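One structure below.
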Amino acid sequence: MRPTITQIALLGALSLGVASAHAADNFVGLTWGQTNNNIQKSSALNANLGNPKLDKVIDNSGTWGVRVGQQHEQGRYYVTYENVSDSHTGYKLRQQNLLGSYDMFVPFGDFGTRAFAGATLGLVKLEQESRGFKRDSDIGYAAGIQVGLQQPLTKALTVETGYRYLQTNASTEMAPHGGAKVGSLDLHSSRLPYLGVNYAF
């Protein structure tokens, strides 16, 4: 049974509720990175479409994200929304992530720098929007880990660089307009190196 939009909203609300019970400072942030996807194709899709390079559709593709959460000296809880869309040789895919994460902080160096490492759970929506094919979408689950470095610039403003790996089970089907299904594709995993800025209040 696939999650609904209502369940997506509940995930965000629950994550924020957990955060408010443990954290002292609210924060909001923006991220920008490059997503690379591992797409698994069905044998029928390879046979009918000549082994299409769907791994190349979202490949080092620009990805923006917004996040909100709460943090304390030892770590942070936050919810992130991300969006990436790209095309390659006539194929187009869009990926949207809604993720709840927790990171632990570890001081690193003498300038307030701290390393972080944590885990992520959430939902991923994969949309197939290729020209000449019926649009199709699916919402799947995601689980992953992330690591990075964070540097405070002021008491409220920090910048960070990070890397996240997600495993997912979202999948879509491909069918020409007016035709039958020719195969399916599964989003097996995503990798995202990113830069971010956070503002605490």
(message) Give me the residue from the range 117-159 that is in contact with a Gly (Cβ under 6 Å, 6 or more places away or on another chain) and crowded, with 19+ Cβ neighbours inside 10 Å and, out of that set, nearest to Y77 (Cα to Cα).
(response) T120
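Please work out which residue is farthest from N37 (Cα to Cα), limiting yourself to the range 90-116 and to residues that are of a type outside the set (G, A, S), buried (at least 17 other Cβ atoms within 10 Å of the Cβ) and touching a Gly at 6+ places or on another chain (Cβ under 9 Å).
Here is the first cut: in the range 90-116, the residues of a type outside the set (G, A, S) are 91-99, 102-108, 110-111, 113-114, 116.
Checking the rest, the ones that are also buried (at least 17 other Cβ atoms within 10 Å of the Cβ) come to 91-99, 102-103, 105, 114, 116.
Within this subset, residues satisfying the condition of being touching a Gly at 6+ places or on another chain (Cβ under 9 Å) are 97-99, 102-103, 105, 116.
Working: N97: 13, L98: 16, L99: 17, Y102: 23, D103: 23, F105: 28, F116: 24 Å.
Ranking the candidates gives F105 first.
So which residues in the range 62-75 are of a type in the set (D, E, K, R) and either touching a helix residue (DSSP H, G or I) at 6+ places or on another chain (Cβ under 8 Å) or surrounded by fewer than 17 Cβ atoms within 10 Å (Cβ to Cβ) (or both), if there are any at all? Quick ask: steps written out before the conclusion?
Going residue by residue through the range 62-75, those that are of a type in the set (D, E, K, R) are 67, 73.
Hit for the range 62-75 is E73, nothing else.
Checking the condition more than 16 Å from the chain's Cα centre (by Cα) and farther than 18 Å from M104 by Cα, which residue from T168, T154, T158 passes? Please lay out each step first, then the result.
On the way: T168 fails: more than 16 Å from the chain's Cα centre (by Cα); T158 fails: farther than 18 Å from M104 by Cα.
Among T168, T154, T158, only T154 is more than 16 Å from the chain's Cα centre (by Cα) and farther than 18 Å from M104 by Cα.
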(request) Could you tell me whether any residue of the range 119-130 is farther than 20 Å from D86 by Cα and in contact with an Asp or Glu (Cβ under 6 Å, 6 or more places away or on another chain)? (result) no
(request) Test L157 against the stated conditions and say whether it is in contact with a helix residue (DSSP H, G or I) (Cβ under 6 Å, 6 or more places away or on another chain) and modelled with pLDDT of 95 or more. (result) no
(request) Could you run through the range 167-177 and say how many residues are surrounded by 14 or more Cβ atoms within 10 Å (Cβ to Cβ) and over 21 Å from K53 (Cβ atoms)? (result) 2
(message) Here is a list: Y91, Y78, Y102. Which entry is touching a residue at least 24 places away in the same chain (Cβ under 8 Å), in contact with a helix residue (DSSP H, G or I) (Cβ under 8 Å, 6 or more places away or on another chain) and closer than 20 Å to T168 by Cα?
(response) Y78
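Any chance you could count how many residues in the range 143-167 are part of a strand (DSSP E or B) and either in contact with a Phe, Trp or Tyr (Cβ under 8 Å, 6 or more places away or on another chain) or in contact (Cβ under 8 Å) with a residue 40 or more places away in the chain (or both)?
Result for the range 143-167: 17.
The values are calculated or read from the model by the stated rules, or taken from the named source; none is laboratory data. Since the structure is predicted, the reported quantities are computational estimates derived from the model, not experimental observations. Heads up, the Cβs are rebuilt from the backbone with ideal geometry, glycines too, and the neighbour counts pull from every protein chain shown.
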